[in-house]
Amino acid sequence: IRYRGRRLDFAPGTIVPGIILGFIFAAEFLGLFIALDLTTVTRTSVIFYSMPLWLSLAAHFMIPGERIHPAKALGLVAAFCGVAWAIIDRGAGSVGQASILGDLAALVGALGWAAVALMARVSPLKRVRPEMQHFWQLAVSAPILFLATPFFGPLVRDLQPIHLWGLGFQIVIVVSAGFMFWLWLLTIYPASSVASFSFLSPIFGVALGWLLLSEEADFSILMSGCLVAVGILLINRPPPKPG
């Protein structure tokens, strides 16, 4: 914000929604971090990136012009089945350290992410710039997450240079660029359409979990990921034109 010569915009009616947005953002990432401690990257990816499913359902009732047409409804069913498959499957061939608590934590993260996107569209925060929305998310969530850390193990775990590089990547690319771009897109395109492109993330998550962490990607987790991907593609399909 300072680099671009902008000022913090505490517009009337946006302070309380901004604080609420920050709490939701904290809950989203707390759920995600707990999930990554308790279950595998592949399972977390499939469940966490079901976010467009929940956002589409909410947008149907809360955002004019984003109704669920038949193709979207079919997509919601397919995506829901994929998430349910990932959570319920506990067979001998299941992936890694399957944990129902970890899976539910990932689901909390997905719901939090959908709520953040929804607030950017329907709350008074839609009147402020994306960087101001992002300011509220970080300013409120940072102290909350810092205070929560003693309850989830040591503050620093086996710090290595690769972790510092990863932190730098998160700061510069993911948070400063990626989140800002995401919030900007939400201001000009339908929320469910923007969110639907997240269907690529479970595929990347499964692939990188297998490539970098040697996690097994068995038939069950692959099929659940495919169901989520197909479902979100259908959610993004435009409704048929009348006549």
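Descriptive notes on the structure:
- Residue match in region 198-205 (condition: modelled with pLDDT of 80 or more, of a type outside the set (Gly, Ala, Ser), exposed (fewer than 14 other Cβ atoms within 10 Å of the Cβ) and part of a helix (DSSP H, G or I)): no
- Residue 172 being open to solvent by 30 Å² or more (accessible area, probe 1.4 Å) and either assigned to a helix (DSSP H, G or I) or more than 20 Å from residue 59 (Cβ to Cβ) (or both): yes
- Taken over region 141-169, the criterion of being open to solvent by less than 50 Å² (accessible area, probe 1.4 Å) and either of a type in the set (A, V, I, L, M, F, W, C) or under 21 Å from residue 3 (Cα atoms) (or both) is satisfied by 145, 148, 168.
The values are calculated or read from the model by the stated rules, or taken from the named source; none is laboratory data. Bear in mind that the values here come from a model prediction, so they are computed numbers and not experimental data. Every residue, glycine as well, gets a Cβ built from its backbone with ideal geometry; the counts of neighbours run over all protein chains shown. Protein only, heavy atoms only, side chains kept; ligands, DNA and RNA dropped before computing areas. Shrake-Rupley method; radii C 1.70, N 1.55, O 1.52, S 1.80 Å.
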